[in-house]
Amino acid sequence: MLNRREFISKSLKGTTGLIVISIVPIGLSACSNKELSLDTDSMVNLGPLTELNKGIFPKKVPYKVNIKDAWTEQKMEGFVYINKTFEDNNLLILSPICTHLGCVVGDADEKLQKEGIRYYCPCHGGQYDEYGVNVGGPPPRPLEMFSPYVENGNVYISILNPTVR
């Protein structure tokens, strides 16, 4: 029969052992140098980073993709707007969907562009600057954006998961 002191001692050692066995694999995997590869089955390939960095900004980049999601596959095509961020010159990838009622925004005419309006929504007059910030009309917030992922020199975006700004 165990006395109280022995019982507490063995219980603490057993609990400590279970915690160590649970935490050590997590710690070792966090220290691993192995890079995780990106699953691009549900992403859009916008093309090589070197090509996307060329030319005049902002620009319209079309895409066609077959999105594989579990047991379904769907064909999608559309476009995104790409610009460079002001601070660090990285790619800024914007959704063309107006944040007011979901219409597709297009390039503003020359007169509006001289006033600093780059994108215009023809449905209700939504106006956005070259960085997708709402500057006029009814849109409640800037255009949504996509986080770029670079894999093997190509830029990918998760087209079904834009980031709300």
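The values are calculated or read from the model by the stated rules, or taken from the named source; none is laboratory data. This is a predicted model, so every value here is computed, not measured. We place every Cβ from the backbone using ideal geometry, glycine too, and count neighbours over all the protein chains shown.
Look at residue 97 and say whether it is in the same structural domain as residue 61 (by TED's automatic domain parsing), of a type in the set (Val, Ile, Thr), surrounded by 20 or more Cβ atoms within 10 Å (Cβ to Cβ) and within 17 Å of residue 61 (Cβ to Cβ). Considered against the rule, which asks whether it is in the same structural domain as residue 61 (by TED's automatic domain parsing), of a type in the set (Val, Ile, Thr), surrounded by 20 or more Cβ atoms within 10 Å (Cβ to Cβ) and within 17 Å of residue 61 (Cβ to Cβ), residue 97 comes out as no.
Across region 99-120, not a single residue is classified as under 14 Å from residue 46 (Cβ atoms), free of Cβ contacts under 8 Å to residues at least 60 places away in the same chain and in contact with an Asp or Glu (Cβ under 9 Å, 6 or more places away or on another chain). Only residues that are more than 13 Å from residue 96 (Cα to Cα) and outside any loop (DSSP other than H, G, I, E, B) were counted across region 109-147, and they come to 7. Within region 64-94, if we keep just the residues that are within 25 Å of residue 54 (Cβ to Cβ) and β-branched (Val, Ile, Thr), the residue that is surrounded by the most Cβ atoms within 10 Å (Cβ to Cβ) turns out to be 93.
Of the residues in region 19-49, how many are modelled with pLDDT of 90 or more and either in contact with a Ser or Thr (Cβ under 6 Å, 6 or more places away or on another chain) or part of a helix (DSSP H, G or I) (or both)? Qualifying residue count, region 19-49: 1.
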